[in-house]
Amino acid sequence: MKIATIVGARPQFIKAAPVSKAIVRVDGLEEVMIHTGQHYDHAMSELFFEQLGMRPPDFQLDINGGGHGEMTGRMLQAIEPILIDEQPDVVLVYGDTNSTLAGALAASKLQIPVAHVEAGLRSFDRRMPEEVNRVLTDHLSTLLFAPTDKAIENLTREGVSGAEHTVIRTGDVMLDASLMCRPYAKPPVEVAENREGFVLATIHRAENTDDPERLRGVFAGLERIHREVAAVVLPLHPRTKAALKREGIEPRLEAIEPTGFAEMVWLLQHASVVVTDSGGLQKEAYFFETPCVTVRDSTEWTELVDAGVNRLVPPEPHAMVEAACAARGAFIPPAVPLYGDGRSAELIASKLNDLGLTG
């Protein structure tokens, strides 16, 4: 049975790593990996494949830049002929990026079953392009690998069930990846090995980087945290770097180059709090028992907010400082009850194999 896996962004590389390793261990499964190029520089792409022990993609499309519609359309156009040539039995997609939707659309047009890892997540905010991507992908999918009970509830509410859709609670493959990479954690070259207690920040979402007012609010808040709470270490995403340059903002904090996953694991282990707008980092913070403040209006990982381990705040300096102060030192309960036992990848590989046996 041949699986065509489509990835394009940092979180997808991390999620795919344990699943690809699990696929190799199942007799009869073959994987072809297509990298759209959505994250295209070394620190956001090749470095992750190297650190996660993944073989290079079979296809590198180098599609990045442009608007959401343009990018998704170019990906769809490039993916389709590959699927026609490769004739996979199933197309495997991850998360909620433009690469996810393009892969699902290309497969469904060719009548190839789609399997979606991280199915059922909802922020209930259709202003987010990621929300649109994940909803459409779920409705196009045959196999839906839901990480949590709440994700399954969301799918049931939308009628994604029955004969056309198989929904399986798998737990979260990000937990698998985090456990896999803990032994290899290392500090970024710009950060001393004995650093402790800093605030780890990441900002890259379009809602914060494309809106000049929100961008200024976020970075004014981070600068206040840096002055009043603890030093802020910020791996600077290329999109954010470009936005700051466009608006003439020179943040007064510790901006460093984008990191690989091994460095991010080290930062999570040594930070006192995370301030982010990332979806994946909200969970990664939880896996490493680090409190999190999310600078967004909504989140797809609602169970973390319900559990009191993640705080949603607006891009307003006072609110950000207050949340960061409250979060530092907060007790974070063990991650396993919410997101499985760290063996989600094995279950996903097994269910993909079952699809081949019964399809």
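Some notes on this structure:
- Filtered trypsin sites (Lys or Arg not before Pro), the range 1-83: DSSP coil and at most 16 other beta carbons within 10 Å: R25
- With a cut-off of 13 Å between beta carbons, the residues surrounding A17 carry a summed charge of +1, where Lys and Arg count +1 and Asp and Glu -1.
- Prolate/oblate/rounded call for the range 38-147, Cα gyration tensor, a/c under 1.5 rounded: rounded
- In range of the label at R157: residues from the range 306-339 whose backbone nitrogen is under 17 Å from the point 7 Å along Cα→Cβ: 306-307
- The residues neighbouring M33, those whose beta-carbon lies less than 9 Å from its own, together hold a net charge of -1 under the Lys/Arg +1, Asp/Glu -1 convention.
- Length released on extending from D85 to R252, taking residue separation times 0.36 nm less the Cα-Cα span: 55.0 nm
- Relative contact order (percent, whole number), the range 185-338, Cα cutoff 8 Å, 6+ residue spacing: 27
- With a simple spin-label model that places each label point 7 Å from the Cα along the Cα-to-Cβ direction, the separation between D58 and E164 comes to 2.8 nm.
- Ranked by the mean number of other Cβ atoms within 10 Å of their residues, highest first, the peptides 96-106, 177-187 fall in the order 96-106, 177-187.
- Principal-axis analysis of the Cα atoms of the chain puts helix 317-327 at an angle of about 80° to the longest axis.
- Computing Rg and the Kirkwood Rh from the Cα coordinates of the chain gives a ratio, Rg/Rh, of 0.95.
- Degrees between helix 212-228 axis and first principal axis of the chain (Cα, 0 to 90, nearest 10): 50
- Per DSSP, loop GluC sites (Glu not before Pro) in the range 32-130 with at most 15 further Cβ within 10 Å: none
- Helix 68-86 and the longest principal axis of the C-alpha atoms of the chain enclose an angle of approximately 40°.
- For the chain, the relative contact order comes to 17 percent (Cα pairs under 8 Å, sequence separation of at least 6).
- Point-to-point label distance, L136-D354, nm (Cα→Cβ direction, 7 Å offset): 3.0
A short reminder: the numbers here are calculations on the coordinates, not readings from a lab. Quantities reported herein were computed from a predicted structural model and do not represent experimental measurements. Note that each Cβ is placed from the backbone with ideal geometry, even for glycine, and that neighbours are counted across all protein chains shown.
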